[in-house]
Amino acid sequence: MINRNRLKIIATYFKSKKMATQLFKNYFLFLIIIVVIFVITIGTLLFYFSVNYVGSPTENTTAQYIIKQNYKDINVTNFIKHKGYVEVLNKDLVIVMQNGSKHEVGFKYPQKYYNDMITNNLKDGYFYTSKYGAKKEFILITAMPNSIFDAYTWGLEHKEQLEQASNPINRGISFLKIFPFIIFIFLLCTMVLYSKITSMIFVNPLKKLLKGVNTFKNGEYSARVEIDSINEIGQLKDAFNLMAEKIQQERLLKEKAEQNRKRMILDISHDLKNPLTSILGYSEFLLENDDILTEEKNKLLKVINNNSRRANDLIQDLFEFSRIESTEYRLDINKNDIGEFLRELIAGYVPMMEQQGVQYEFDITEDEVEILFDRKNLDRALSNIILNSIKYNGRGITISIKLLVNEGTTVIIIEDNGVGIPKDFEGDIFEPFVRVDASRNSKTGGTGLGLAISKAIIKKHGGNIHLAQGLDKGCKFIIELKDN
């Protein structure tokens with residue numbers, strides 16, 4: 001049980017995404033590589049020595065060294081390798097076995113030729129040795145080229161030095177002299193390999209990250225970094241991409257806000273220009289003409305008054321919108337019954353609806369639904385939507401107001417079956433000074449800020465408002481408020 005727990009701990013450690021763990025794994029891998037390279041190096045050297053070690057060509061190349069009780073067991077490899085040969089003769093000097101000889105089996109040596117051969121009196125370039133078998137039933141003759149056997153002669157004279165050179169201990173001492181150099185070589189190779197692995201794991205991702213930072217610094221706000229690392233570098237990559245995305249969004253919002261500001265200034269200038277021009281023109285006309293009839297004078301004063309009200313309403317709405325949009329503005333939040341609030345709000349508009357020939361339908365629960373909201377501001381937000389439906393639609397339309405409660409969210413739906421809003425305006429209907437029909441606003445006295453104020457108030461409540469899209473007829477506003 002203890003061993004299993006330890007194995008689980010080790011496995012969890014190796015699955016860690018931290019750089020410290022990755023470095024430990026690299027060091028562990030580095031150690032394994034060192035051991036593997038060391039084993040390979042030693043094995044290669046031993047293999048090299050075993051393959052390339054060649055004993056003295058005249059070692060065991062005399063008959064007395066290689067003779068066997070059964071001549072068929074005699075090893076003749078060394079003779080053949082150095083272009084010598086071996087023959088086995090019976091008592092009658094007839095060859096019964098040969099390897100590498102120019103004489104065939106069955107050849108019989110003349111006595112004199114045999115004597116000259118075994119006494120090395122033959123001048124044929126070979127050095128001969130001979131040896132009788134244990135029971136003298138055969139004679140073993142070996143022949144080795146003189147050039148090879150001269151080395152044997154030297155070896156006999158320097159036997160002690162050769163034995164020392166061939167001694168395993170002495171060879172080991174010689175090997176130890178070059179061992180540090182071998183260690184240095186394979187350690188150097190291992191360090192180079194390790195540096196490459198470390199570079200792939202750490203340096204390359206950092207280079208990509210630095211490249212992304214420089215690109216972003218140069219104004220390419222869409223720059224993102226793609227790194228497969230799952231350690232702290234990967235987390236840094238995620239943080240950078242998230243930061244870049246937020247900065248890009250903020251920059252886009254800033255650009256949009258700047259565009260909206262410029263458009264708002266133009267819209268304000270345009271909306272104030274017409275009423276102020278009328279006020280200025282008619283007032284100057286009255287001042288310059290004293291003989292105007294009372295009826296005509298009152299008519300002109302009424303025009304001046306209406307235009308003054310339009311300008312005043314615009315300034316008031318603009319002030320209200322700016323005040324609500326301010327981060328310092330605070331709502332007067334209290335817990336109230338939203339159902340009772342809606343019934344009171346609707347009751348105030350029933351006479352106007354009846355006067356305008358507007359039908360109405362209400363679906364509001366009688367149960368108490370208490371949520372936190374600012375009565376005054378929410379009244380303003382919903383009134384703007386209701387007044388738009390009454391003012392901008394003809395007689396005979398129906399306005400429907402519903403209250404729904406769904407899992408902690410209170411939903412208010414204000415819907416009419418009037419002329420509706422063109423699809424081109426659906427995405428911008430809550431922006432300041434957006435008008436579906438500018439001429440209609442001039443007749444009704446609208447400022448183009450009503451729905452923008454409504455949205456700002458709903459947002460201050462932590463809620464959301466949107467226009468249901470794709471309706472063939474009429475408008476459907478959906479307001480969502482949190483219960484707490």
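Count of the stretch 231-269 residues, restricted to those that are at pLDDT below 75 and touching a helix residue (DSSP H, G or I) at 6+ places or on another chain (Cβ under 9 Å), is 6. Selection of the stretch 325-370 for residues being open to solvent by less than 60 Å² (accessible area, probe 1.4 Å) and among the aromatic types (Phe, Trp, Tyr) yields 329, 341, 349. A single entry from 188, 176, 210 fulfils the requirement of being surrounded by fewer than 11 Cβ atoms within 10 Å (Cβ to Cβ), modelled with pLDDT of 70 or more and assigned to a helix (DSSP H, G or I): 188.
Before we move on, is residue 479 open to solvent by less than 20 Å² (accessible area, probe 1.4 Å), at pLDDT 80 or above, part of a loop (DSSP other than H, G, I, E, B) and within 30 Å of residue 407 (Cβ to Cβ)? When the stated conditions are applied, residue 479 does not pass them.
Only one of the listed residues (271, 313) is touching a Leu at 6+ places or on another chain (Cβ under 6 Å), among the charged types (D, E, K, R) and assigned to a helix (DSSP H, G or I). That residue is 271.
Count of the stretch 372-416 residues, restricted to those that are farther than 19 Å from residue 453 by Cβ, modelled with pLDDT of 90 or more and not in a strand (DSSP E or B), is 1. Across the stretch 215-226, the qualifying residues are those that are more than 13 Å from the chain's Cα centre (by Cα) and open to solvent by less than 60 Å² (accessible area, probe 1.4 Å), and the one among them that is modelled with the lowest pLDDT is 219.
The values are calculated or read from the model by the stated rules, or taken from the named source; none is laboratory data. Keep in mind it's a predicted model, so treat the numbers as computed, not measured. FYI the Cβ positions are ideal-geometry reconstructions off the backbone, even for glycines, and counts take in every protein chain you see. Just so you know, the surface numbers come from the protein's heavy atoms only, side chains and all, with ligands and any DNA or RNA stripped out. Shrake-Rupley method; radii C 1.70, N 1.55, O 1.52, S 1.80 Å.
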